[in-house]
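Notes to accompany the following structure.
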Amino acid sequence: MTVTLLLVLALSVVIGLSLGVLGGGGSILTVPVLVYVAGFEAKEAIAASLFVVGVTSAVSVISHARGGRVMWRTGLIFGAAGMAGAFVGGLLGGHIPGQILLIAFAIMMVATSVAMLRGRKKKNVDGAAAPVKHELPIGRVLLDGAVVGLITGLVGAGGGFLVVPALALLGGLPMSVAVGTSLVVIAMKSFAGLAGYLTTVQLDWGLTLGVTAAAIIGSLIGSKLVGRIPEAALRKAFGWFVLAMGTFVLIQQAPADLRWFIAAGVAALAAATAGICWFFISSCPLRNRTGRRSKIPSPA
């Protein structure tokens, strides 16, 4: 029992590290850890993950705010809309079988990872991605927040793996700013989703608080690293991480005779995604500006 507890706490530090560096991934790790390591039931793990991620995000956002990586108006409006959706999702989730929730959770992760790995399609006149650091339109923020909030409360994800793409891919914010802003949204939505789940689910508060404390330590470490990591590398790392965790959960919940089929399907999807990314990078006309070999011959 002691070994299991230490393993859960050690993994909880990784959960916080993920939140601090990526602005998401907390619930992606928390739910599997609580289900497969700590032995929680699916609904209890989902509810506990909302508390862990909510508190950890609230603490982690402080360091990001000090670094100027938080768009407060966008985050608060997105979060407010998300809270309404998350509360409704939490109420509905309490009445849906746990296996179905985990399968939906895994499918959302796989789909989101592909979007993150492919990146933005919108480019500037030079052909390069053009993220901008400004507040997003209120109407769009409210709509995106409500939809993401509903999904958050339903499947128990704090929302980083949905909020970061919404802010970075759809909203056009730089990855580092999307990460910081997402933590504000995640904290607000997580507590709303938790309120919905607590109407039907009881938590082991002792273990939940221990996991939360360990995750906070990891988040403080992670928030110190985020500004030092290139945005492209951060986005790709986030995408591959989410794909791996989504595949793991999906395989665990699938019938035994379908597991190899699912693994092969996800592997093919990953290979295709990697091939698309390589094609666009290798065919980019500005490739020689990055320091690689130029195709223009030197004058004699």
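Tabulated results
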read-out: Subset of segment 172-201 (residues that are surrounded by fewer than 24 Cβ atoms within 10 Å (Cβ to Cβ) and either without any contact (Cβ under 8 Å) to a residue 24 or more places away in the chain or not in a helix (DSSP H, G or I) (or both)); value: G172, P174, L198, T199, T200, V201
read-out: Residue in segment 238-258 that is at pLDDT 80 or above, surrounded by 14 or more Cβ atoms within 10 Å (Cβ to Cβ) and over 17 Å from the mean Cα position of the chain (by Cα) present; value: yes
read-out: In segment 221-233, residue farthest from H64 (Cα to Cα) [restricted to those that are crowded, with 17+ Cβ neighbours inside 10 Å and at pLDDT 70 or above]; value: G222
read-out: Segment 202-221 - residue that is outside any helix (DSSP H, G or I) and not aliphatic (A, V, I, L, M) and, of those, farthest from T30 (Cα to Cα); value: Q202
read-out: Subset of segment 32-41 (residues that are within 15 Å of F248 (Cβ to Cβ) and more than 17 Å from the chain's Cα centre (by Cα)); value: L34, V35, Y36, V37
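The values are calculated or read from the model by the stated rules, or taken from the named source; none is laboratory data. Here the structure is a predicted model, which means the values were calculated and not measured. Note that we place each Cβ from the backbone using ideal geometry, even for glycine, and neighbour counts take in every protein chain shown.
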